[in-house]
Ligand SMILES: [Zn+2]
C-alpha cells in the first residue's frame, strides 16, 4: 500500500507559525515539506513531487533491529577474540587477529601509532558504540515500554555514527590485499574472518530495515 503524503502549505490553516509541526516531514531529495499522518505498519508514504519514500514503518521493526544488533555484537566479540588470518610461506606460520592488524601500524613505526587508534576505532569501537546505542534506544520500544530517558540522544548518536562505522570497508580492504598475498603464500581464514563476514551481513540487514523517521516517530509516540 502506498500513501502519497499531502504537501504542507496547500491548506491555509497549516501556516508554519500556528501549525502543529509534529506531522511535518521534509523530503530528503527535493525539500518539499509534507504533512504525513500516522501510518499503519507496512504502509509507505511517498513524496508527491519526486516519489521518494518518506516513511516506511514496519511491524516489529524495533524488535528486529534489537535482535540483529545483539547478534552483531556477539559476532563482534568472536571477530575480536579469534585469529583473523593464518599465513603459511616457506615453512613459516603466522596468525594475526584484528587487534594485531590494528596494532601493527604502531609496531612498524612510532609515528604511525595514531593510525592504529583510528583503525581500531573505525572497525571495532565505533560499530560497537552504534550497536549498543541502538539496543539502548530501541529495546524498551521492542518490549512495548516507555523509552529510557536518554533514548533520543542514543538514537541520534547511532544515526550520526552510521557513516563512520567501517567494518564492511575493512572486509573489502582485506579481500583486495588477499588477492595480492595469495600468490606469495598459503592464506587461511580464521573464525574471526567468518564472524566479520556474518557481522557485515547482519549490519546491512539491520540498516535496510531501519527507517529512521518511522523510529523517531515511534520514540516520540511511546514517550
Ligand atoms: Zn521529494
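Key figures
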read-out: Efficiency of FRET between residue 92 and residue 177 - r from beta-carbon atoms, R0 25 angstrom, step 0.05; value: 0.85
read-out: Cut-off 20 Å (backbone N to label point 7 Å along Cα→Cβ of residue 99), residues of the range 174-206; value: 190-197, 199
read-out: Full-stretch length increase - residue 53, residue 21 - with 0.36 nm per residue and alpha-carbon distance subtracted; value: 9.6 nm
read-out: Approximate shape of the chain as ellipsoid semi-axes (Cα gyration tensor, √5λ), whole Å, largest first; value: 44, 18, 16
read-out: Length gained when the stretch residue 169-residue 156 is fully extended (0.36 nm per residue, less Cα-Cα span); value: 2.4 nm
read-out: Stretch gain in nm, segment residue 33-residue 145, where the contour uses 0.36 nm per residue and the Cα spacing is subtracted; value: 37.2 nm
read-out: Mean residue ellipticity (222 nm) of the chain, computed from DSSP H runs ≥ 4 via -39,500 (n - 2.57), nearest 500; value: -16500 deg cm²/dmol
read-out: Tilt relative to the chain, helix 151-161 - C-alpha long axis, 0 to 90 degrees, to 10; value: 50 degrees
read-out: Degrees, to the nearest 10: 191-209 long Cα axis against longest axis of the chain; value: 10 degrees
read-out: Listed peptides 100-107, 130-137, 86-93 by packing density, highest first (mean Cβ within 10 Å); value: 130-137, 100-107, 86-93
read-out: Peptides 71-79, 214-222 ordered by average Cβ neighbours within 10 Å, highest first; value: 71-79, 214-222
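Read the figures in this text as sums done on the coordinates, not as results from a lab. Every value quoted in this text rests on a predicted model; they were computed, and no experiment measured them. All Cβ positions, even for glycine, are placed from backbone atoms using ideal geometry, and neighbour counts span all protein chains on display.
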